[in-house]
1. For the stretch 167-214, name all the residues that are in contact with a strand residue (DSSP E or B) (Cβ under 9 Å, 6 or more places away or on another chain), assigned to a loop (DSSP other than H, G, I, E, B) and open to solvent by 20 Å² or more (accessible area, probe 1.4 Å).
2. Residue check: is T257 within 27 Å of T77 (Cα to Cα) and in contact with an Asp or Glu (Cβ under 7 Å, 6 or more places away or on another chain)?
3. Would you mind finding the one in Y109, Y128, Y86 that is among the aromatic types (F, W, Y) and touching a Lys or Arg at 6+ places or on another chain (Cβ under 7 Å)?
4. Would you call A78 in contact with a Pro (Cβ under 7 Å, 6 or more places away or on another chain), of a type in the set (A, V, I, L, M) and within 20 Å of V116 (Cβ to Cβ)?
5. Name the residues in the stretch 261-307 that are more than 24 Å from R225 (Cα to Cα), under 19 Å from the mean Cα position of the chain (by Cα) and of a type in the set (S, T, Y), would you?
6. Quick test of your reading of the structure: S156 fulfils all but one of (1) among the hydroxyl-bearing types (S, T, Y); (2) touching a Pro at 6+ places or on another chain (Cβ under 8 Å); (3) more than 24 Å from P67 (Cβ to Cβ). Name the failing condition by number.
7. With respect to V48, is the statement that it is touching an Asp or Glu at 6+ places or on another chain (Cβ under 6 Å) and at pLDDT below 95 true?
8. Among the residues of the stretch 55-80, write down those that are small (G, A, S), assigned to a helix (DSSP H, G or I) and either crowded, with 19+ Cβ neighbours inside 10 Å or over 16 Å from the mean Cα position of the chain (by Cα) (or both).
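The values are calculated or read from the model by the stated rules, or taken from the named source; none is laboratory data. This structure is a prediction, so every number in the text was calculated from the model and none was measured. Using ideal geometry, Cβ is built from the backbone for each residue, glycine included, and neighbour counts are taken over all protein chains shown. Please note that ligands, DNA and RNA were not included when accessible areas were found on the heavy atoms of the full protein model with its side chains. Shrake-Rupley method; radii C 1.70, N 1.55, O 1.52, S 1.80 Å.
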Amino acid sequence: MNRSAILLGALLASGASVTWAQSSYPSRPITLIVPFAAGSGTDIGARVLAKDMSDILKAPVIIENKPGANGGLGSATAARARPDGYTLLVGSATTNAVNFSFFPSKLGYEPKSFDVVAGVGTSPISLYIGTSAKWRNLADLLAYGKAHPGQLRCGSGNAVTQVSCEIFYKLTGIDATTIPYKSNPQSLTDLAGGHIDFAFSDASVAKTFLDTKKISPIAVAASKRYPATPEVPTFLEQGVAGLEITAWTAVFAPTGTPAPVIEKLHAAVLKSTNSPEAVQLRASTGSQPLWLSLEESRHFVKEEIRRWAAYVKSSGVKPE
């Protein structure tokens, strides 16, 4: 029996209306809540996704930016929404993995608050410096940091990059200070202006600054070099083992959203990854699509929650 037949049987057994699932939804606009500011990496990808989904589902898909509380404000809003498929969350490693270890009792949502709809994409984090910095590579930065303890400042715009800063200190033995920002674009703006010394970010946010040659990547937190910047070595290649950190985005629905709706949305998100705009965005940022089945997507998120719990514990970060 093929997968389609199995799905049809499951729908009939549950009393769901296959006709409704296929044709009645969506019958009005869908809201994609982006829990970060406009211009963030999550927002850039979400706008391409919204356009594609509008075309695929033949219904308006509207972006609602709701930043604040490390992505927690918008995520909590989505978690409280009616589970009917008309309010979705563009979640990330920050909102749907790191935050559960950062703020276990203060979020207003938890892992069971959401059903995974589909993965969107992944990209490793890189370390960036300003083009006017005293150091030109990782070795120079580390040498300066060890000779001047407590003087270096690392910019972070979300939980993922905050943990990146702290693990970086631990693995390299340098004494530096993490400067928190509300978003990675703000962090990189200050980096380009010389107000901080280095910063971690995903490439989609960094691209604007790279295009204007205001910042430069000097190390990639991945097991292999980044397709978009093949000339930039990994941390491991430069003698720093154990720093492999991946940013990712996925679409989530409030728990209780009907299975047929989840299936339809899942198919639409996967189809979006092949659109010309999505392919162009990946080419410019070096990100990779998350082509996963529903079951694989659920497993991926569970593993990310577990992995980030270990990262947060290792980093020693104690958020206020």
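1. Result: D175, Y181, G193, G194, H195, D197, K214.
2. When the stated conditions are applied, T257 passes them.
3. Y86 is the lone residue from the list that is among the aromatic types (F, W, Y) and touching a Lys or Arg at 6+ places or on another chain (Cβ under 7 Å).
4. yes
5. Hits for the stretch 261-307 are S272, S293, S297.
6. With (1) among the hydroxyl-bearing types (S, T, Y); (2) touching a Pro at 6+ places or on another chain (Cβ under 8 Å); (3) more than 24 Å from P67 (Cβ to Cβ) applied to S156, the lone miss is (3).
7. Considered against the rule, which asks whether it is touching an Asp or Glu at 6+ places or on another chain (Cβ under 6 Å) and at pLDDT below 95, V48 comes out as yes.
8. Once the filter is applied, which keeps residues that are small (G, A, S), assigned to a helix (DSSP H, G or I) and either crowded, with 19+ Cβ neighbours inside 10 Å or over 16 Å from the mean Cα position of the chain (by Cα) (or both), the stretch 55-80 yields G71, G72, G74, S75, A76, A78, A79.
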